[in-house]
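The values are calculated or read from the model by the stated rules, or taken from the named source; none is laboratory data. These figures come from a predicted structure and were not determined experimentally. With ideal geometry, Cβ positions are generated from the backbone for all residues, glycine too; neighbour counts draw on all protein chains shown. In case anyone asks, the SASA skips ligands and DNA or RNA and just uses the protein heavy atoms, side chains included. Shrake-Rupley method; radii C 1.70, N 1.55, O 1.52, S 1.80 Å.
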Amino acid sequence: MKSSQSAVTKKSATAKNRTATKKLTAIKRSTRAKKTLPIASLTPKKIQSKNPATRAAQWPSRTTVQGLDRAPHRAFLRGLGLTDADLDKPFIAVASTQSHTTPCNALLGEQAARAGEAIRRAGGVPFDFASASVADSMSMGHAGMRYSLPTRELIADGVEAVCRGHAYDALLAFAGCDKTLPGMMMAMVRLNLPSVFMYGGAALPGRHQGRDVTVLDTYEAVGAVMAGHLPLKELDVLEHVCLPGLGACPGQFTANTMAMVSETLGLALPGSATMPATDAARGGIAHEAGRVVMDLLLHGGPRPRDLVTKKSLENACAAVAATGGSTNAGLHLPAIAHEAGIRFSLDDLARISKRTPLIADMKPGGRFLAKDLHAVGGVYNVLRELLRHGVLHGDCLTIYGTTLEQELKGHPGADGAVVHRTPLSPSGGLVVLKGNLAPDGALIKVAGLKTLRFTGRARVFDSEEACAAVVRKRAYQTGDVLVIRYEGPQGGPGMREMLGVTALLYGQGAGETVALLTDGRFSGATRGMMIGYVSPEAARGGPLALLKDGDRIVIDTVRGSLDVQVSAAELQRRRKAWVKPARIAATGMLEKYAALVGPTHLGAVTHGQSTPAVRKAAKRPQRSVKSRA
């Protein structure tokens, strides 16, 4: 009797699938809110059939619910409240970094719930779970920051483990803060299930003295108080008004930069990246994401690896460069590419940024915030303008299976204030520097930078804390190059973000009269003569390890060079004498991270390190360093 009922249920489900397919096909393409997904020409080899019923038989979840020996599995699922009918439906993972440890992620649970409603309505069963994450906001300026970047890998690994371990059929991923965005995108590409990415959205800014203010204003105000430029009570006011609600930092910092990347790559719904976290329409777009992920599953694609290609990665680089986005994109884009089996490095970022004009006037280098970009059309208006400039690959696919050029036709492009038709600069807001201090590259954000060349004396510190102590006392001089080394992915370990130090310098009025150079990384909010991500890092024997106090360093963002004026013979002598300094041994998660992490310029990833390209890059610091002196 039970098998008979099951057969009836399956026939009913098949009929429903056929009906749903007819309805979806009938929906007009011109209706953006209800756009149907065409059956992708890039259907994965394992699922060749265009028939939804045939494809359903190959859903991964069927291995957990079909067969006599799966009775215990079905019992566990019934314990969750699933019905017999539910067991015949696809199982959809709804992953998020929901938590109340930071404002960035605190609304993700609500959005995931709306998506789950849509999944159920479209004939699926949502299974929600949350990943651990460390927010840069609360880990900034102390040893806790060593855990931030490694959580990118923790998120990707965790989502992979749950989706593979429970055999889910599709993935809807929500993220809200810094490393959580690339971590979720890495998981999507690694798994290559039908997937949709959703950003939780940026917070609205505070208001102070008639202008928008953000947490960056508070960071920099700390330095201004130390320098005697600002009264303490003014800092107290900023602290109370700069972040009036939930969401990520509202400038073109790391979260909003990577949200823009998600739309550009085609992993996210158009319009989702710039919509404020507290916008009433957020629930609606989360609901739509749930419908779309079901549509992707029903039609077999496009899947993440159909979307993440060398061309789409170049488009993402162009979007970052055109908006003066976060330097952290130099870490995260290669890591996302790595999951697709594509080698993408700082060299690619340098090439694309050089040919891409800076067209968006976004903070921290400019005037506007994510909400302002959203008001004039969002990410697609930036992309429309880049297409007009001839620096965008219009044949890349969107999440709808259409081409990017097709989707951009209805967007006006530049508004003249936030997005400019006449470039603010002929090249992008990020510059990759190379030279005898950074053979594999280093990164600087030049958007808003007035001083493009800098020559100064090295003051060398072997930790962030040592340098921060000097900066707090203002015990530096104009023309100094403050060097913070042994803070790279392996050396830290964890590659700490140093907004605390850079914001102090900027707030003290020294943002362009003193330079900072490090193998650590920066916040997307960092501005000034700040060069980070130096590769190879000092702990791997990179040239930063050979620097001494007083060495003359030349930084040229126009030529893209970073050199120390020391002879090749002297550098070689120092290398022979170099001994890696003893540090407190990492334990637990950081011990594993330090043992596995790869070089910065290839994304600091922790798996797939056995490829010839990665082995060659890891060995490179051991060679002789040529001087440009």
Problem set entry | Total residues in region 30-82, condition open to solvent by less than 70 Å² (accessible area, probe 1.4 Å), modelled with pLDDT of 85 or more, within 30 Å of residue 283 (Cβ to Cβ) and not small (Gly, Ala, Ser) | 4
Exercise. Is it the case that region 217-237 has a residue that's touching a Gly at 6+ places or on another chain (Cβ under 7 Å), among the β-branched types (Val, Ile, Thr) and part of a loop (DSSP other than H, G, I, E, B)?
Worked result: no
Exercise. Any residue in region 542-556 that is free of Cβ contacts under 8 Å to residues at least 60 places away in the same chain and hydrophobic (A, V, I, L, M, F, W, C)?
Worked result: no
For this session: Could you tell me which residue of region 238-261 is least open to solvent (accessible area, probe 1.4 Å), considering only residues that are out of contact with any Gly (no Cβ under 7 Å at 6 or more places or on another chain) and more than 16 Å from residue 373 (Cα to Cα)?
Result: 238
Exercise. Being part of a loop (DSSP other than H, G, I, E, B), under 13 Å from the mean Cα position of the chain (by Cα) and of a type in the set (Ser, Thr, Tyr), is that true of even one residue in region 180-187?
Worked result: no
Problem set entry | Some residue of region 472-483 being under 29 Å from residue 152 (Cα atoms), touching a residue at least 40 places away in the same chain (Cβ under 8 Å), more than 24 Å from the chain's Cα centre (by Cα) and part of a loop (DSSP other than H, G, I, E, B) | no
Exercise. Can you name every residue in region 153-196 that is surrounded by fewer than 21 Cβ atoms within 10 Å (Cβ to Cβ) and closer than 16 Å to residue 399 by Cα?
Worked result: 192
Exercise. Of 264, 309, 278, which residue is among the β-branched types (Val, Ile, Thr), touching a residue at least 12 places away in the same chain (Cβ under 8 Å) and open to solvent by less than 10 Å² (accessible area, probe 1.4 Å)?
Worked result: 264
For this session: Hey, can you tell me all the residues within region 106-145 that are crowded, with 23+ Cβ neighbours inside 10 Å and under 18 Å from the mean Cα position of the chain (by Cα)?
Result: 108, 131, 133, 134, 135, 136, 145
For this session: Give the number of residues within region 197-226 that are more than 14 Å from residue 371 (Cβ to Cβ), open to solvent by less than 20 Å² (accessible area, probe 1.4 Å) and hydrophobic (A, V, I, L, M, F, W, C).
Result: 5
Problem set entry | Single residue of 289, 319, 350 found to be in a helix (DSSP H, G or I), open to solvent by less than 30 Å² (accessible area, probe 1.4 Å) and touching a Lys or Arg at 6+ places or on another chain (Cβ under 9 Å) | 289
Seminar exercise, completed: Here the qualifying pairs (Cβ atoms under 7 Å; residues six or more apart or on different chains; first in region 157-171 and farther than 18 Å from residue 290 by Cβ and assigned to a helix (DSSP H, G or I); second among the charged types (D, E, K, R) and at pLDDT 95 or above) come out as 160/190
